[in-house]
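Engineer: Pasting a structure here, questions to come.
The numbers here are math on the coordinates, done by the rules we state, and not lab data. Because the structure is predicted, anything quoted here is derived from the model rather than measured. Please note: Cβ atoms are built from the backbone with ideal geometry, for glycine as well, and neighbour counts cover all protein chains shown.
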Amino acid sequence: MRDEGGLRGKALDTIKRYRMLSPGDRVVVGVSGGADSVALLLFLSGLSGTIPLDLHVFHLDHMLRGPQSAGDAEFTGCLAEELGLPARLEAVDVREVTSDWGRSPEDAARMVRIGRLLDYAREVEADAVASGHTADDQVETFLMRVIQGAGLTGLGGISPVSGLIVRPLINVWRWEVEEYCSRMNVVPRRDSSNLDRKYLRNRIRLDLIPYLVDKYGSGVKEVIWREVESLAVDREFIERQVADAFDRAAEVGGGEVRIEIEALMSLPESLRRGIVRKGWARLMPFESNLSWRHIADILEKVAGGATGARLDLPRRVEVEREYGQLVLRRSLPRGEGRDGGANDDVVIHVPVPGSARLPGAGMTLQASFVGAGEMELDQGPLVEFVRSDLALPLEVRAPRPGERFHPLGSPGRRKVSDFLIDMKVPRRRRRECRLVLSGGEVVWLAGYRLDERFRLRPTDSKALRLILYRDREYDGSG
């Protein structure tokens, strides 16, 4: 296997330009069996005299094409063995494991493949993961994003380096890849799904690009590729500004991205859009970029709207304005809380003494009688002491529409919903609120306010102590 052609020179220049690899690096190479990844593997395995690398081969059989995909796995394993390289060959029934993901099998396969590839890279403590994207992929991706709608970040194309992932062939054309494989006397596998025009990328590859070449000449692909290169330089500068602004305006944690609206709206429009796009990327790292229309709607209708304004985004993500913050999070099925429990009419009975988990609230309520010596008031919103002569058992459920109680210190009864709004409790948190009841009367809006009617009296020598524990903190002790 020898090659003196252009692929090697272009790929080496790309590696040096972006400092992708260093001598001695351990590199996992994702190999599908197709021409691009096969050429990549052959190229990297031939660098022993220039950049010696510790190569590991990874292949995932998605089990979508029956004997064809099984043949891809066998081909990849044989090629790795011929090159004297260790290989991990895995198989996943993508249709089965992603049946509830709400996406096409091919899209799901991509996500599963990336996840498994990175898992293997962590397992072998790899310094880099090499992917076989080419210049043709750049052009196709650019045209896809033009059609779908994307800002500068999206139109900047595929990054040569993304975290652990490096793309040495990103400046190599597909015809050069195929020529290289031929010169190396290796016949790659052919994926029949690449001919299926129901996928946008295939329509662009098989129809749009040939049309552009026919009408505007063979150089049109080179023109588009240079445009992507130019936009990528601009994108790099803007992304540095966006990253700094995002760090100042946003917080990521607990499955949410929270962006301070005042800080967001004080920035130039390009940075606003970039921060929203980055928030999406942090929440959904393996998804494609948000479209221009989605980002415009988020800024205009949610960030610029009133508290409670919200939008549904792709992939079961929602964005909502919670007072001074813009919040992106994965949405839950209607009627479910954070831990998947129903919020509506489920009634939980709490023994005294004893405890009960509160589905949908992510909390456990513990109840016990205590004497005067244990009545330590002002222990925070999750601990409350109430009159001991109330009717048992206690019941816990979500507030019902129009339900009222008498908040401690208030002159009269109020709607629970109005009280929570005045307390500036975000709408999503309101869904998790629970009422503790005795004989059908509200005793405690748990974690927020005691009902005036059940407050301790000066003559009480005994109290019922109620404690809320977050589920991860509750150890079952009394």
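Engineer: Would you mind checking K198/K301; K16/K198; K10/K221; K278/K415; K10/K198; K16/K221 for any pair whose Cα atoms are more than 29 angstrom apart? Can you show the working numbers first?
Structural biologist: Working: K198/K301 33 Å; K16/K198 38 Å; K10/K221 17 Å; K278/K415 39 Å; K10/K198 33 Å; K16/K221 24 Å.
Exceeds cut-off: K198/K301; K16/K198; K278/K415; K10/K198.
Engineer: For segment 210-226, just list the computed ³J(HN,Hα) in residue order, Karplus coefficients 6.51, -1.76 and 1.60, θ = phi - 60°, integers in Hz, with x standing in for Gly and Pro.
Structural biologist: x, 5, 4, 5, 5, 7, 10, x, 5, x, 5, 5, 5, 4, 4, 4, 5
Engineer: Mind listing the long-range amide H neighbours of L164? Cut-off is under 5 Å, sequence gap 5 or more, other chains count too, H placed in the peptide plane at 1.01 Å from N.
Structural biologist: Placed amide hydrogens put nothing under 5 Å from L164.
Engineer: What angle do you read, to the nearest 10 degrees and between 0 and 90, between the alpha-carbon axis of helix 6-17 and the longest principal axis of the chain?
Structural biologist: So the helix axis and the longest Cα principal axis differ by about 40 degrees.
Engineer: Would you mind getting me the FRET efficiency between R26 and E300? Use the beta-carbon distance for r and R0 = 45 Å, nearest 0.05.
Structural biologist: On the way: r = 48 Å, r/R0 = 1.06.
With R0 = 45 Å, the Cβ-Cβ based efficiency is 0.40.
Engineer: Restricting to Cα pairs below 8 Å that are 6+ residues apart, what does the relative contact order work out to for the chain? Please round to a whole percent.
Structural biologist: Details: 765 pairs, mean separation 52.1, N = 478.
Computed over the chain, the figure is 11 percent.
Engineer: Assuming R0 = 45 Å, what is the FRET efficiency of R183 and E260, from their Cβ-Cβ distance, to the nearest 0.05? Walk me through the numbers on the way to the answer.
Structural biologist: On the way: r = 57 Å, r/R0 = 1.26.
My answer for the efficiency is 0.20.
Engineer: Continuing with this model, one more query. Counting helices only, and only those DSSP H runs with n ≥ 4, report the 222 nm mean residue ellipticity of the chain as the sum of -39,500 (n - 2.57) divided by its residues, in deg cm²/dmol to the nearest 500. Don't skip to the end; give the middle numbers.
Structural biologist: Details: 16 runs with 171 residues, N = 478.
The per-residue figure over the chain is -10500 deg cm²/dmol.
Engineer: Full-extension gain between R429 and R197, please, as 0.36 nm times their residue separation minus the C-alpha to C-alpha distance. Intermediate values should be presented prior to the final figure.
Structural biologist: Numbers: separation 232, 0.36 × 232 = 83.52 nm, distance 4.50 nm.
Residue separation times 0.36 nm, minus the Cα-Cα distance, leaves 79.0 nm.
Engineer: As an exercise, find the ratio Rg/Rh for the chain from alpha-carbon atoms, using the Kirkwood inverse-distance average for Rh. The partial results should precede the final answer.
Structural biologist: Details: Rg = 29.5 Å, Rh = 26.7 Å.
Ratio of gyration radius to Kirkwood radius for the chain: 1.11.
Engineer: Residue by residue, what Karplus-based ³J(HN,Hα) values in Hz, rounded to whole numbers, does segment 250-259 have, using 6.51, -1.76 and 1.60 with θ = phi - 60° and x for Gly and Pro?
Structural biologist: Result, rounded to whole Hz: 10, 10, 10, x, x, x, 9, 10, 10, 10.
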